[in-house]
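These notes concern the structure reproduced below.
Values quoted throughout were computed directly from the atomic coordinates according to the rules given, and no laboratory measurement underlies them. Keep in mind that what you see is a predicted model, and the values were worked out from it rather than measured. Cβ atoms come from the backbone with ideal geometry, glycine included; neighbour counts cover every protein chain shown.
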2 protein chains.
Amino acid sequence: MADITYAKGLEGVIAGESSICKVDGENGRLYYYGYRITDLATRATFEEVTYLLLYGELPTTKQLTDFSRRMRKSRELKPPILQMIKDFPRDSHPMELLQSTVNFLSGYVDHKIEHSPTCNCRQTLHQVAQIPGVIAAFYRFKNGLDYIPPRDDLSHGANFLWQLKGEVPDNEDGEIMDKCLILHAEHSFNASTFTARVVASTLSTCYCSISAAIGSLFGSLHGGANEKVMAMVEEIDSVENVRPWLENALAEKKKVMGMGHRVYKAKDPRSVIMEDFLRTLSIKYGDTRKLDVLKEVEKVFREKMEEKGKPIYPNVDFFSGSVYSLLGIPSNLFTPIFAMARASGWLAHILEQRQDNRLFRPKALYVGDLDREWPEIEDRI
Amino acid sequence: MADITYAKGLEGVIAGESSICKVDGENGRLYYYGYRITDLATRATFEEVTYLLLYGELPTTKQLTDFSRRMRKSRELKPPILQMIKDFPRDSHPMELLQSTVNFLSGYVDHKIEHSPTCNCRQTLHQVAQIPGVIAAFYRFKNGLDYIPPRDDLSHGANFLWQLKGEVPDNEDGEIMDKCLILHAEHSFNASTFTARVVASTLSTCYCSISAAIGSLFGSLHGGANEKVMAMVEEIDSVENVRPWLENALAEKKKVMGMGHRVYKAKDPRSVIMEDFLRTLSIKYGDTRKLDVLKEVEKVFREKMEEKGKPIYPNVDFFSGSVYSLLGIPSNLFTPIFAMARASGWLAHILEQRQDNRLFRPKALYVGDLDREWPEIEDRI
């Protein structure tokens with residue numbers, strides 16, 4: 001047994017081919033279907049990026065118009081879904097609600113759902129279109145507020161803010177929200193996307209596969225880092241406190257959230273864009289405290305790491321929580337927003353998996369006993 | 001690119017160590033924590049096997065009494081869960097309902113759910129205890145019948161039949177149902193169990209992990225084979241029709257369901273036990289048609305395969321659907337029953353995964369483009 005080696009967590013193991021996303025960690029670049037994330041985040045809308053992820057090509061004007069219309073038409077939630085959100089247990093997490101609800105949505109689609117590689121998952125798009133409404137409804141019911149129906153004249157990001165707060169955001173806020181979703185839409189084979197592909201490989205439905213992926217993203221080792229960065233910012237509170245807080249954290253070997261990334265050895269290109277968004281909103285709302293604290297954390301932490309010869313950079317989670325917070329979003333919705341964005345990427349991977357499918361069924365290395373004798377219950381100790 | 005090879009579907013790749021289950025396909029043996037399936041199915045109850053799977057050892061009399069009491073106390077469904085089942089879309093599949101509901105159950109547990117390797121998943125046991133009630137309630141509501149509360153004087157299997165039909169089954173029927181669950185409780189790293197482990201590796205909750213596994217089992221390449229065997233039996237209808245039906249099926253290269261298994265080269269030990277159950281019930285209820293058709297399919301199919309030099313045996317799905325059918329269970333509940341049984345195995349794997357956890361994050365082989373130039377929308381064709 002001792003001489004059989006394997007890669008724990010499948011680290012470094014190739015689990016499949018993909019042409020959806022390239023994370024070039026060495027050079028700090030990220031691509032969706034070959035397009036640079038910087039182009040996507042500056043020039044496209046989330047709906048356009050979703051089209052790209054589902055079809056592999058950017059849409060023409062007509063294609064985008066049709067696609068947006070279809071997606072916006074699918075935003076409205078049916079009464080039983082709203083009831084389900086109302087009935088959701090008081091102390092549970094919205095990610096658990098989301099995982100449950102996505103599956104329920106499949107009952108109201110306009111196309112037939114098939115257990116087949118050719119099932120047309122691109123058709124109804126509830127999995128992507130309705131998640132903002134579910135999150136917003138959860139928040140509003142919890143706070144004793146009414147459900148706000150979606151508007152079809154707003155982008156995916158702006159409509160989310162509308163359904164959440166009942167006020168149409170100004171263009172800038174709506175656009176920043178939409179672009180934050182673009183930045184989180186896809187990131188190759190992480191645990192949740194891999195989960196979606198494993199489930200899809202059984203030819204289960206795309207709803208079931210996305211529901212499963214949401215369960216995976218809920219794990220504290222996966223989604224949720226930006227919520228923790230936000231908590232860190234609140235704990236540190238001011239620029240003056242950064243250095244003593246960090247020195248203490250390093251002495252106690254605490255993990256500093258939002259710094260460093262398994263894959264990126266250079267700067268995460270998404271963090272650069274996210275920092276710009278945070279600067280814009282901080283100035284606009286006259287509240288630079290979060291930005292100031294974060295920049296000081298970045299500076300002092302890098303200084304400390306350079307002493308050890310380890311250059312380290314902020315990742316996308318470092319700034320995103322503060323951006324959401326300035327947009328008026330409570331921190332327990334940060335991971336659900338991640339799911340709202342990643343739904344497009346998950347769907348892309350489900351489609352790709354089905355195109356050339358093989359059921360995922362790895363082997364276990366059995367390290368237990370065999371042929372144990374059966375003890376009668378009275379003889380057990 | 002061309003000279004990079006990898007195992008599609010991770011076939012043959014070791015994804016982790018486990019001491020829960022050994023499938024010895026060469027010799028047609030199956031073990032849960034080292035105990036033979038034949039011992040388990042003849043000497044234990046499903047609750048006892050669940051205890052074994054969750055603790056790694058068979059319980060003493062006191063441990064089993066306490067465990068059974070706890071599990072039975074957890075059977076009752078809360079009103080919002082019943083409402084959710086009532087509201088479930090008319091044409092959706094009960095597996096979709098189950099995937100949604102399991103997550104909702106987490107809102108009513110007696111212990112704190114933590115995102116931590118030490119979260120006490122063995123405590124409330126709703127994930128295992130309540131699934132029979134959810135399935136039964138689904139069936140009854142669909143058929144305009146009332147919900148039947150669980151009884152705590154019945155075994156897991158017998159209580160399911162009670163909640164489904166509103167009649168206490170006789171001892172033999174209850175015991176056969178319970179033992180069918182034992183036979184399906186665990187089978188190492190198949191796609192659904194692997195899904196549960198991947199989700200658990202993010203430190204997501206056991207409810208979220210089991211919900212995801214249910215989504216995986218729903219796929220037509222995974223669960224659902226016994227439902228298809230049942231449909232085959234109904235299509236063939238009589239012993240006389242078997243030979244022409246099979247000859248036609250083989251000529252058209254149709255898959256004959258329930259015969260053969262990727263792992264078992266010898267007879268699947270579960271199929272032997274399942275055949276006994278079917279014989280017992282067929283005689284008891286004076287209805288041997290299904291058994292006769294199946295035995296004839298087995299005989300003729302083996303004959304045909306031996307001509308090609310490929311010995312082939314029935315697997316567990318070959319007989320199980322007919323057993324359930326004789327117990328009065330409709331065929332759309334067969335895969336949910338599989339989930340009801342496998343919940344114990346999934347929970348065992350979640351616990352084991354957490355004991356020595358590493359996040360699952362394999363690599364993708366990127367085969368797409370890079371640095372595509374951005375086309376303005378009016379220039380796209």
Cross-link reach from residue B:62 to lysines, straight Cα distance under 20 Å and at least 8 residues apart if same chain, gives B:73
Listed with the fewest Cβ neighbours within 10 Å leading, B:288, B:61 appear as B:61, B:288
So, in nm and shortest first, the distances from residue A:287 to its counterparts in the other copies, with label points 7 Å along Cα→Cβ, work out as 6.6
Result row for chain B, helices from DSSP H with C-alpha axial extent 20 Å or more and mean Kyte hydropathy at least -0.5, is B:269-284, B:334-355
Long-range share for chain B, i.e. C-alpha pairs more than 38 Å apart as a percent of all pairs, stands at 22
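Over chain B, what is the mean sequence separation of C-alpha contacts under 8 Å (at least six apart), divided by residue count, expressed as relative contact order in percent? Numbers along the way, then the final one.
On the way: 522 pairs, mean separation 85.0, N = 381.
Reported as a whole number, the value is 22 percent.
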Per residue of A:29-39, other chain Cβ atoms within 10 Å number on average 3
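Taking a ≥ b ≥ c as the square roots of the Cα gyration tensor eigenvalues, with a/c under 1.5 meaning rounded and otherwise prolate when a/b beats b/c, else oblate, which class fits the stretch B:186-300?
On the way: a/c = 2.57, a/b = 1.95, b/c = 1.32.
Because a/c hits 1.5 or more and a/b exceeds b/c, the stretch B:186-300 counts as prolate.
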Taking every residue of B:189-196, the Cβ atoms of other protein chains inside 10 Å of its Cβ average out to 6
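Restricting to Cα pairs below 8 Å that are 6+ residues apart, what does the relative contact order work out to for the stretch B:225-326? Please round to a whole percent. Display every interim value, and only then the final one.
Values: 112 pairs, mean separation 46.6, N = 102.
Reported relative contact order: 46 percent.
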Residue B:367 and residue A:239 label points (each 7 Å along its Cα→Cβ direction) are spaced in nm at 5.2
Packing-ranked peptide list from B:73-80, B:183-190, A:191-198, highest mean Cβ count within 10 angstrom first, is A:191-198, B:183-190, B:73-80
The protein assembly as shown, Kirkwood Rh and Cα Rg, ratio Rg/Rh at 0.98
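Can you give the Kirkwood hydrodynamic radius for the stretch A:155-236, in Å, rounded to one decimal and based on Cα pairs?
The answer is 14.9 Å.
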Across A:30, A:351, A:365, the residue with the highest GNM fluctuation in chain A (Cα network, 10 Å cutoff) is A:365
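Would you compute, from DSSP H runs of 4+ residues alone, the mean residue ellipticity of chain A at 222 nm, taking -39500 (n - 2.57) per run and dividing by the full residue count, rounded to the nearest 500? Spell out each step's value before the answer.
Working: 17 runs with 205 residues, N = 381.
Mean residue ellipticity, 222 nm, calculated: -16500 deg cm²/dmol.
Counting other beta carbons within 10 Å of each residue's own, what order do A:33, B:285 fall into, fewest first? Walk me through the numbers before you get to the answer.
Working: A:33 21, B:285 12.
Exposure proxy ranking, most exposed first: B:285, A:33.
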Of all DSSP beta bridges having both residues in the protein assembly as shown, the percent classed as antiparallel (nearest 5) is 65
Toy charge model, Lys and Arg Cβ at +1, Asp and Glu Cβ at -1: chain A dipole around Cα centroid in debye, rounded to 20, equals 620
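Convex hull over the alpha-carbon atoms of the stretch B:223-381: what's its volume per residue in Å³?
For the stretch B:223-381, the hull spanned by Cα atoms encloses 251 Å³ per residue.
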Expected integer from the mean partner chain Cβ neighbour count at 10 Å over B:52-63 is 2
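Would you order B:374, B:245 from fewest to most other beta-carbon atoms within 10 Å of each residue's own beta-carbon?
Details: B:374 15, B:245 21.
Placing the least packed residue first, the sequence is B:374, B:245.
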With +1 on the Cβ of every Lys and Arg and -1 on the Cβ of every Asp and Glu, the dipole magnitude of the protein assembly as shown about its Cα centre, in debye rounded to the nearest 20, is 120
Along the dipole axis of the protein assembly as shown (charges at Cβ: +1 for Lys and Arg, -1 for Asp and Glu; origin at the Cα centre), the most positive-end residue among B:65, B:54, B:14 is B:14
Label points for residue A:372 built 7 Å along Cα→Cβ; distances to same position in the other copies, nm, shortest first, come to 5.5
Where a ≥ b ≥ c are root eigenvalues of the Cα gyration tensor, a/c under 1.5 meaning rounded, otherwise prolate if a/b exceeds b/c and oblate otherwise, the stretch B:271-360 counts as oblate
Each label sits 7 Å from Cα toward the beta-carbon; between residue B:76 and residue A:263 the label points are separated, in nm, by 4.9
Amide H neighbours of residue B:365 at under 5 Å, excluding residues fewer than 5 places away on the same chain, with H built from the backbone geometry, are A:15, A:16, A:17, A:18
Shortest first and in nm, the label-point separations between residue A:76 and its counterparts in the other identical copies (7 Å out along Cα→Cβ) come to 4.0
With 0.36 nm assigned to each residue of separation and the Cα-Cα distance removed, residue B:168 to residue B:5 gains 53.0 nm
